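The values are calculated or read from the model by the stated rules, or taken from the named source; none is laboratory data. Remember, it's a predicted structure, so these values are computed and weren't measured experimentally. We place every Cβ from the backbone using ideal geometry, glycine too, and count neighbours over all the protein chains shown. When the accessible area is computed, the model is the full protein with side chains, heavy atoms only, and any ligands, DNA or RNA have been set aside. Shrake-Rupley method; radii C 1.70, N 1.55, O 1.52, S 1.80 Å.
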Amino acid sequence: MKLKNIVYSTGKYNDYEVSLTSNTSIVTMKNALSISMDADKKNWFFGHLTYIIIINNESNSMYENLLLTNIINTSLVEFVLDSVMINGLKGKYDYDNKILNINIPNIEPNSTTIIKFRVQKKQNKFFILRSNTELHYNNMILESNFVTVISPINKSSRDNFSCDYPHFKN
């Protein structure tokens with residue numbers, strides 16, 4: 001079963017008609033486990049970006065030895081070492097080049113597990129970052145929704161502007 005959520009908004013901003021559409025959040029339910037992913041910023045100007053992954057176990061069963069995998073776009077961002085947190089505690093992980101594997105020892109019955117990790121920009125340039133994550137357990141793979149983050153140009157650093165999209169070249 002898949003649950004899908006999109007938010008649409010229209011209005012005026014400085015006398016201009018504006019329409020906004022949220023990220024599409026699709027959650028796939030398997031064995032009463034669900035997974036969703038979000039980011040703490042949708043427009044990322046500076047600082048770290050924190051990804052938040054929420055795993056809900058709506059069953060009376062415990063799941064053990066789970067692996068969360070995220071592929072990091074290393075052409076745009078870098079993984080922040082030691083930033084993995086599982087329910088507020090430092091989490092065990094392996095990071096090799098661009099693949100982040102987070103070990104989750106168990107997920108208790110009827111519980112929610114929250115995993116967070118951070119990335120940082122490699123350069124101050126315009127880009128669009130799309131990411132999702134996979135949960136591996138019991139020979140199954142559960143995929144999260146995709147999260148889209150826009151990295152506009154940090155206005156305080158316009159002299160260092162670069163862009164990979166031809167219609168945005170300076």
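Can you tell me which residue is farthest from ILE52 (Cα to Cα) among those in the range 113-127 that are open to solvent by 70 Å² or more (accessible area, probe 1.4 Å) and modelled with pLDDT of 95 or more?
Among those residues, the one meeting the criterion is ARG118.
Cβ-Cβ distance below 8 Å, separation of 6 or more or different chains: which pairs start in the range 80-95 with a residue that is of a type in the set (Lys, Arg) and end on one that is assigned to a strand (DSSP E or B)?
Within 8 Å, the pairs are LYS92/ILE102; LYS92/ASN103.
Within the range 88-108, how many residues turn out to be surrounded by fewer than 13 Cβ atoms within 10 Å (Cβ to Cβ) and not in a strand (DSSP E or B)?
The qualifying residues number 3.
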